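Here's the structure we're looking at; comments come further down.
The values are calculated or read from the model by the stated rules, or taken from the named source; none is laboratory data. What you see is a predicted model, and the numbers here were worked out from it, not measured in a lab. In this analysis, Cβ positions are derived from the backbone assuming ideal geometry, glycine residues included, and neighbour counts consider all displayed protein chains. For accessibility, only protein heavy atoms count, side chains too; no ligands or nucleic acids. Shrake-Rupley method; radii C 1.70, N 1.55, O 1.52, S 1.80 Å.
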Amino acid sequence: MSKELVVKDNTLINASYTISLTEQRLLLLSISKAQKSGIEINHSDYITIHADEFVEAFGVNDKSVYASLKEACTTLFRREFSYRSGKTLIQSHWLQSSKYNEDSGSIEILFAKELVPFISELKQRFTSYFLKDVSQMTSVYAIRLYELIIAWKSTRKTPIIEIDDLRLKLGVEAHEYKRMTNFKARVLDVAVKQINELSNIQIKVTQHK
């Protein structure tokens, strides 16, 4: 895989949302493809992703990729992300619309207007990394944690993150893994293991009481 770059505003990295692995991968591939190809990311031009591009990027089973992409678009269209601007809470959908091209085995997505500045108009507070550094991760929590950590790469240490805030940033829903032991075993430990084994960084988590 060539070095496709993913660049996001830090506000989006710290936003609250729940998303599936395929949906996350679709977003990352779309952003990196646009940035690599010089395609303008806006809310009026569609970005096309072919099933074979998805297979090449993430090494998944090509027999079911197109169906998975269609399903991901359908669910992603309904999902929301939220963030704060001062004391104002802002909610938005990810996609404005999507198209399915069965003959070519491709999908087209149009990003929502509210999302566009966080993945295109990047001037100061942004984080970048290579798509290949998360492409083999199978835990969506690992990808989310990687982004949170890579935003602080220059300092080699993140600030202390409260558990409730970390759950929101990783996309863990309120009813999921309520016990700390379950959260660590099913979310945090898995994410740390995949980051250390599959990415370009090594991390260690320290619990504060």
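Table for the structure above
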| read-out | value |
| --- | --- |
| Qualifying residue in the stretch 38-53 (condition: open to solvent by 20 Å² or more (accessible area, probe 1.4 Å), over 30 Å from Arg167 (Cα atoms) and without any contact (Cβ under 8 Å) to a residue 24 or more places away in the chain) | yes |
| Matching entry among Leu28, Leu89 (being surrounded by 15 or more Cβ atoms within 10 Å (Cβ to Cβ) and closer than 25 Å to Trp152 by Cα) | Leu28 |
| Count of residues meeting criterion [more than 25 Å from Tyr129 (Cβ to Cβ), acidic (Asp, Glu) and part of a loop (DSSP other than H, G, I, E, B)] in the stretch 156-209 | 2 |
| Qualifying residues in the stretch 129-150 (those that are touching a strand residue (DSSP E or B) at 6+ places or on another chain (Cβ under 7 Å) and more than 11 Å from Ile13 (Cβ to Cβ)) - the one most open to solvent (accessible area, probe 1.4 Å) | Phe130 |
| Members of the stretch 80-114 found to be closer than 30 Å to Ser64 by Cα, part of a strand (DSSP E or B) and touching a helix residue (DSSP H, G or I) at 6+ places or on another chain (Cβ under 8 Å), listed by number | Phe81, His93, Leu95, Ser97, Ser98, Tyr100, Ser106, Ile107, Ile109, Phe111 |
| So Ala57, is it of a type outside the set (Phe, Trp, Tyr), out of contact with any Phe, Trp or Tyr (no Cβ under 7 Å at 6 or more places or on another chain), in a helix (DSSP H, G or I) and open to solvent by 60 Å² or more (accessible area, probe 1.4 Å) | no |
| Unmet requirement for Asp45, which otherwise passes all of (1) at pLDDT 95 or above; (2) under 22 Å from Gln96 (Cβ atoms) | (1) |
